[in-house]
Each structure stands twice: as structure tokens, then as C-alpha cells.
Amino acid sequence: MNKYYNWMFLPLALLLGLGLVACGGDDDDDSSIGDDDDTSGDDDTSGDDDTSGDDDSSGDDDDSSVGDDDDSSVGDDDDSAVAGFTFSSTPWPSYTRVDRLGMPAVNTALISAANKDAYNAADPAGDTLTGPFTGDIVATINALHNGVDAADNNTGLDDDLVGLSLTPCTADGSGTGTCVAQGAPLVLPDTLAIDPANAAGFPNGRMLADPVIDATLAVLLLDLGTHPVTALVGALNPVANDVAFNPDFPYLAPAH
């Protein structure tokens, strides 16, 4: 029975094939660019689009297009391009800095809004005790300890620290207190450096789990002759993420 039906449909299949070949000009033939058929009138042998401008026989985008996801383009999303990146060769002096963040919280918390733009445009080489922004930093540290205006009952954090049995460093507004003395080596210059000869970890570089804000606040708020730099770790922020870091790149846990 199967053999009979096969012979019966064979002439019909041949006629349909001849009809498709004869009707070139109103359908998707093999010479058109941008169509989806191959020599059999449909998609090519791998089930995708053919190699004339659309998807090729390997199931991805073709090998000849420039700027798409093929295997030869530079700067696209293919797997064979070196690192998958295209780097600019523009010399760095041609760029304009719009922000700088080296040591955590320095620009964010210690530089006043009026000086943000100037600070961002300046070079870290100028971040010294006699530099143009040291007065701004000293004034902010003084305000953290002593308040901005006592008349507004804004007395700063010193009384709160004492209430927690913590000894604050001294900030008298002149820059001669212990807060500036112990904080200056950390925040000036506003860079985050690493010495490979020493153990890695903030402030020698920064690892993902380092409590950088807690440590920075301890340096700027507490008397380090009385308290360790880790005194605020766990008191202000969680000691660890709610989801553990991954052991492999990119190390951060997925968004959750």
C-alpha cells in the first residue's frame, strides 16, 4: 500500500517542482538578495535563512555582513572577535573629566555642592593639606562633629557618639584637630591606590566585601587612639550581603 501511494504522488511532486521553477519573477527565487529561500524554494539546509544577506546556514547571522552579529565583524556581539570590544585610540587629553571618585565618600560627602564642579575638574595631584579644597573638607568634618548652627539645635554627631560610649576625634574647625590628622592620609589625595607588595584590602585597593564606608567614617569620626578602625563595622551597615558573592567572574550575585 505504501509503495502504491509513493508512486502515485511522485508525478504530482515533479509537476509542482517544475511549476515552482517556471514561476520565477513573482515568488522568492534563489537570485534575490534579502529573501529567505535557498535552492529548494524554502529555508536552507540547516533550517534558517540563506547566505545572501540574511541568516546563514550555521544558524546565526552571516559571515559577510558588517556591523551585525556575524563572525568577522569587529565590535559586534560575535564569539570570535578579540574580547568583543572596540577601544578608542583618542588621546586622553582630548577628554573632559566630569566626575572623579577615588576614595569612597570623599567627593560625595566632604565636598560642598558649590565646589563640586571645580573639584571634579581638578587633578588629584592638587589634593594636599594646602590644596584648594582642603578648607572645604575641614569645614565639612567640623560640621559633622559640631553641627552647622547651634541655634537650629544642629549640634552634630559628637554627643551621639558619646552617648554610644564612643570617643570622637577632635574637630575645631581650624584643621589642627585629631580628625584631620588621622583622616588626611586616607582622603588626600582622593585616589584609591594598591601596593601589590602588601596585603590587598581597603585602603590598599578595595575588595567587594570590604566595609569601606564604616572604616572611612571611623577615621573621620572616632579617636583611633581609643577605638580600632573597625569599631563601626556592623554598627552602621550589615556585615555581609544578603546574597553571597559568586566565586567566579563577575562575582556579584544576580539582581534580586
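We did not get these values from a lab; they are worked out from the coordinates using the rules stated. Bear in mind the structure is a predicted one, so any value in this text is a computation, not a measurement. Cβ placement follows ideal geometry from the backbone for every residue including glycine, while neighbour counts extend to all protein chains displayed.
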With R₀ set to 41 angstrom, the calculated FRET efficiency between the beta-carbons of T86 and H256, to the nearest 0.05, is 0.80
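Rounding to the nearest 20 debye, state how big the charge dipole of the stretch 104-221 is about its Cα centre with +1 on each Lys and Arg Cβ and -1 on each Asp and Glu Cβ. Write down the numbers at each step before the final one.
Numbers: 2 positive and 14 negative charges, 50 e Å.
Using Cβ point charges on Lys, Arg, Asp and Glu, the stretch 104-221 gives about 240 debye.
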Summing +1 per Lys or Arg and -1 per Asp or Glu among the other residues with Cβ less than 12 Å from V187's Cβ gives -3
In Å, the Kirkwood hydrodynamic radius from C-alpha pairs for the stretch 104-221 sits at 15.3
With 0.36 nm assigned to each residue of separation and the Cα-Cα distance removed, R97 to T130 gains 9.6 nm
Ordering 239-251, 118-130 by per-residue average of other C-beta atoms within 10 angstrom, highest first, gives 118-130, 239-251
